[in-house]
Amino acid sequence: MTNANGFFRQTTYYPYVWALQCTRGEILDLAVESPTYEVKGKEPVPYLDVAATMDGKNLFVVYF
């Protein structure tokens, strides 16, 4: 994000940077069920957002 004083990173920046440095291998197609919350004018939004990769011996999972 930017403002009149320059550029700054949101707190969500750091988990994504860490995840990008650690992920290797094949992207997994996950089927995750989660409770949802309502957003006016939109479909229900799940509380969990999950991604995973596997490189043959290591499983890496990130959830927000």
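As a summary of the residue check, residue 62 satisfies the conditions (1) in a helix (DSSP H, G or I); (2) open to solvent by less than 90 Å² (accessible area, probe 1.4 Å) except for the one numbered (1). I'd like the full set of residues that are open to solvent by 70 Å² or more (accessible area, probe 1.4 Å) and either aliphatic (A, V, I, L, M) or in contact (Cβ under 8 Å) with a residue 40 or more places away in the chain (or both), limited to the range 13-25. Hit for the range 13-25 is 20, nothing else. Among 40, 57, which is out of contact with any Cys (no Cβ under 6 Å at 6 or more places or on another chain), open to solvent by 90 Å² or more (accessible area, probe 1.4 Å) and modelled with pLDDT of 90 or more? Of 40, 57, the one residue that is out of contact with any Cys (no Cβ under 6 Å at 6 or more places or on another chain), open to solvent by 90 Å² or more (accessible area, probe 1.4 Å) and modelled with pLDDT of 90 or more is 40. For the range 26-37, the candidate set comprises residues that are over 19 Å from residue 59 (Cβ atoms) and part of a strand (DSSP E or B); within that set, the residue that is most open to solvent (accessible area, probe 1.4 Å) is 37. Residues in the range 43-64 that are at positive phi and polar (S, T, N, Q): there are none.
The values are calculated or read from the model by the stated rules, or taken from the named source; none is laboratory data. No experiment lies behind these values; they were computed from the predicted model shown. Here Cβ is always computed from backbone atoms with ideal geometry, including for glycine, and neighbour counts include all displayed protein chains. What goes into the accessible areas is simple: the full protein's heavy atoms, side chains included, and nothing from ligands, DNA or RNA. Shrake-Rupley method; radii C 1.70, N 1.55, O 1.52, S 1.80 Å.
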